[in-house]
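Participant: Shown below is the structure under consideration.
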Amino acid sequence: MRIEVEGRVFELDWKEGALLLVLKWLEWHAMTMKDAILISRDRRSTVKIIEKLSALGLVKEYRFPGMRIIVPTPLGLKVADAIEELAAEVGIDVEEVKRAHGIS
């Protein structure tokens with residue numbers, strides 16, 4: 001998908017967009033690498049997604065012994081907002097999607 005925010009254009013695939021949305025929807029706006037792997041179903045592709053989003057300035061990664069935490073940047077949250085708007089434009093009820101997955 002093609003998202004424009006703050007004069008920048010971001011080309012993201014559905015897994016990259018999904019990761020940003022989940023980070024936005026979580027109350028604490030953060031997840032572990034293990035949680036992120038659940039989205040893409042593959043560790044290698046998850047690492048690549050996080051590297052790309054980090055290079056674009058959309059997420060930050062914090063490393064601790066035995067744990068990696070992924071947090072969206074303010075720009076990443078704006079891109080997630082734009083993805084929600086795009087979803088609404090094509091008829092996807094974002095609130096229903098969140099409810100279906102137990103996210104309030």
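The values are calculated or read from the model by the stated rules, or taken from the named source; none is laboratory data. Please read all numbers here as calculations on a predicted model, not as lab measurements. Neighbour counts run over all protein chains shown; Cβ positions are idealised from the backbone, glycine included.
Participant: Restricted to the stretch 21-54, and to residues that are small (Gly, Ala, Ser) and surrounded by 16 or more Cβ atoms within 10 Å (Cβ to Cβ), which residue is farthest from the chain's Cα centre (by Cα)?
Facilitator: Once the filter is applied, the top-ranked residue is Ser40.
Participant: Let me ask something additional. Mind counting the residues in the stretch 73-104 that are free of Cβ contacts under 8 Å to residues at least 24 places away in the same chain and on the phi < 0 side of the Ramachandran plot?
Facilitator: Residues of the stretch 73-104 that are free of Cβ contacts under 8 Å to residues at least 24 places away in the same chain, as a first pass: 73-74, 85, 87-97, 99-102, 104.
Okay, now just the ones that are also on the phi < 0 side of the Ramachandran plot, so 73-74, 85, 87-90, 92-97, 99-101, 104.
Number of matching residues: 17.
Participant: Answer yes or no as to whether Leu19 is outside any strand (DSSP E or B), without any contact (Cβ under 8 Å) to a residue 60 or more places away in the chain and closer than 19 Å to Ala82 by Cβ.
Facilitator: Here the answer is yes, as Leu19 does meet what is asked.
Participant: Return the pairs, sorted by first residue and then second, in which the second residue is part of a strand (DSSP E or B) and of a type in the set (S, T, N, Q), the first residue lies in the stretch 55-72 and is surrounded by 15 or more Cβ atoms within 10 Å (Cβ to Cβ), the beta carbons are less than 8 Å apart, and the residues are 6+ apart or on different chains.
Facilitator: Arg68/Thr32; Ile69/Thr32; Ile70/Thr32
Participant: Does Ile69 meet the test of being at pLDDT 90 or above, β-branched (Val, Ile, Thr) and within 20 Å of Val94 (Cβ to Cβ)?
Facilitator: no
Participant: Name the residue that is nearest to Met31 (Cα to Cα), counting only residues in the stretch 74-104 that are in contact with a strand residue (DSSP E or B) (Cβ under 6 Å, 6 or more places away or on another chain) and not hydrophobic (A, V, I, L, M, F, W, C).
Facilitator: Here the residue is Gly76.
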